[in-house]
Amino acid sequence: MVQIFLDGQAYDCGPGENVLDALLRQDVALSFSCKKGVCQSCLMKVDAGEAPAAAQEGLRDTLREQGYFLPCVCRPSTALKISRPDDAAAYLPARVLAVEPLAETIRRVFFEPSAAFQYRAGQFVNMRRRDGLARTYSLATVPGQEPFPGVDVKLMPGGRMSNWVFDGLTPGTALDIQGPNGACYYVPDRPDQPILMIGNGSGLGALAAIARDALAQGHTGPIDLYHGTRYPAGLYLRGELALLAETAANFRYHPCVSGPEAGDGQRAARADDAAFADHPDLTGRRIFLCGHAPMVNGAKRAAYLAGADLADIYADPYELQDRRHDHAA
């Protein structure tokens with residue numbers, strides 16, 4: 001048992017317990033999402049003591065140097081004095097430029113950061129309202145092809161952030177952005193390598209952006225993008241992807257509908273089932289997976305068993321769990 005000191009209070013952290021779980025167990029209000037060291041929304045800072053190296057993996061060098069760490073993967077062996085993140089280091093002020101409807105349940109939110117913002121198509125950001133409510137979204141735009149970054153937001157039943165977006169988010173609204181984060185993006189090291197993309201829901205936004213980025217960087221190998229939804233209305237960006245398939249000979253778009261209403265040109269199947277049926281041997285192929293966590297995690301295992309190298313599997317699962325607390329640090 002070690003002690004964690006936060007906001008002038010001492011909290012117990014049990015053997016093998018991570019800092020985030022220990023604090024939540026003792027009713028400390030903290031912001032978090034994936035709880036797996038990926039989204040970085042639970043970022044905190046060590047003021048005294050030393051966080052394990054594993055708790056700083058994936059952070060920018062500047063954040064590591066300042067003592068920032070991820071409490072969800074931090075299992076300390078000695079006492080730590082910690083503090084909430086400094087907004088100036090963790091978050092960048094931004095403003096909403098436009099909210100574009102892409103489907104009945106999908107909106108693309110374009111934003112303008114207040115300072116230089118370098119990102120890759122497919123990375124993600126933590127988007128925070130000024131009242132402290134924050135959520136994680138993948139970037140669905142391509143630097144150099146769109147003048148400003150944007151994220152796709154899917155309307156979720158009871159979702160506080162998504163309902164706020166759909167209920168009248170207007171240009172000029174102030175936001176805070178943390179990121180970009182993540183390694184789910186195209187690297188032009190093997191331009192002839194076949195690429196398989198599988199996504200569902202709003203995961204399509206990141207995949208379509210990655211595909212456009214790859215083609216713009218001269219990728220010559222085949223790119224197959226499978227997007228799945230329960231109903232045909234969820235197949236957004238159909239015109240854009242159909243046009244991309246017409247203009248790029250090596251790109252193929254496979255819309256999939258798992259419900260009973262699949263129409264002409266739509267596969268009556270889940271996207272992952274259709275993709276693996278069409279590509280039973282994934283040896284030497286690069287894989288991109290975006291969407292709901294159960295599909296992404298299952299597809300990652302299936303891709304590995306079908307011969308894909310783990311180093312060639314880029315996964316971005318959307319965790320749908322609620323944040324029990326949202327704190328405006």
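Coordinate-derived values only; no laboratory data. Since we're looking at a predicted model, the values are computed, not measured. FYI the Cβ positions are ideal-geometry reconstructions off the backbone, even for glycines, and counts take in every protein chain you see.
Its Cα centre serving as origin, the chain has a Cβ charge dipole (Lys and Arg +1, Asp and Glu -1) of approximately 280 debye. Between Ala277, Val28, Tyr314, the Cα set farthest toward the positive side of the dipole of the chain (charges on each charged residue's Cβ, about the Cα centre) is that of Val28. Computed from label points 7 Å out along Cα-Cβ, the spacing between Ala183 and Arg95 is 3.7 nm.
Among rounded, prolate and oblate, which fits region 2-87 when a ≥ b ≥ c are the square roots of the eigenvalues of its C-alpha gyration tensor, a/c under 1.5 means rounded, and a/b larger than b/c means prolate? It is rounded, given that a/c, with a ≥ b ≥ c, falls under 1.5. Once backbone amide H atoms are built at 1.01 Å from N, Leu175 has Ala94, Arg95, Val96 as its partners under 5 Å, excluding neighbours fewer than 5 places away on the same chain. Note on region 38-106 and region 249-265: Cα centroid distance 38 Å, given to the nearest whole angstrom. The simple spin-label model puts a point 7 Å past each Cα toward its Cβ; for Tyr304 and Phe148 those points are separated by 4.1 nm. Helical runs (DSSP H, four residues minimum) scored at -39500 (n - 2.57) apiece and divided by the length of the chain put the mean residue ellipticity at 222 nm at -5500 deg cm²/dmol.
Among 122-129, 178-185, 94-101, the peptide with the highest mean count of other Cβ atoms within 10 Å heads the list, and the full ranking is 122-129, 178-185, 94-101. Evaluated with a Cβ-only charge set (Lys, Arg +1; Asp, Glu -1), region 195-318 carries a dipole of roughly 160 debye about its Cα centre, given to the nearest 20.
What does a probe at Trp164 reach in region 189-203, counting residues whose amide N is under 14 Å from the point 7 Å along Cα→Cβ? Of the residues in region 189-203, none has backbone N under 14 Å from the label point off Trp164. For Ala53 and Gln3, the difference between the fully extended length at 0.36 nm per residue and the C-alpha to C-alpha distance is 16.1 nm.
Pairs of Cα atoms nearer than 8 Å and 6+ residues apart set the relative contact order; for the chain it is 16 percent. Positive contributions from Lys and Arg (+1) and negative ones from Asp and Glu (-1), summed over other residues with Cβ under 15 Å from the Cβ of Phe111, come out at +2. Please say if region 195-318 is rounded, prolate or oblate, where rounded means a/c under 1.5 for a ≥ b ≥ c the square roots of the C-alpha gyration tensor eigenvalues, and otherwise the choice is prolate for a/b larger than b/c and oblate otherwise? Oblate shape, in that a/c is at least 1.5 and b/c is the bigger or equal ratio. Could you give me the ³J(HN,Hα) list for region 163-169, computed from phi with Karplus coefficients 6.51, -1.76, 1.60 and θ = phi - 60°, whole Hz, x at Gly and Pro? Coupling constants for region 163-169: 5, 4, 5, 6, 8, x, 4 Hz. Among the cysteines of the chain, Cys13, Cys42, Cys72, Cys74, Cys184, Cys256, Cys290 have no other cysteine beta carbon within less than 4.7 Å of their own. Each Lys and Arg contributes +1 and each Asp and Glu -1, all at the Cβ; summed about the Cα centre of region 89-181, the dipole is approximately 220 debye.
Between rounded, prolate and oblate, where does the chain land on the alpha carbon gyration tensor, with a ≥ b ≥ c its root eigenvalues, rounded for a/c under 1.5, else prolate if a/b exceeds b/c?
It is prolate, given that a/c is not under 1.5 and a/b is the larger ratio.
Only lysine pairs 8 or more places apart, or on different chains, with alpha-carbon atoms under 27 angstrom apart are counted in the chain, and they number 10. Extending 7 Å from Cα along the Cβ direction at Ala79 and again at Arg252 yields two label points whose distance is 6.3 nm. Any idea which of Met197, Pro180, Ile106 is furthest toward the positive side of the dipole for the chain, if Lys and Arg beta-carbons carry +1 and Asp and Glu beta-carbons -1? Comparing the listed Cα positions along the dipole, Ile106 ranks first.
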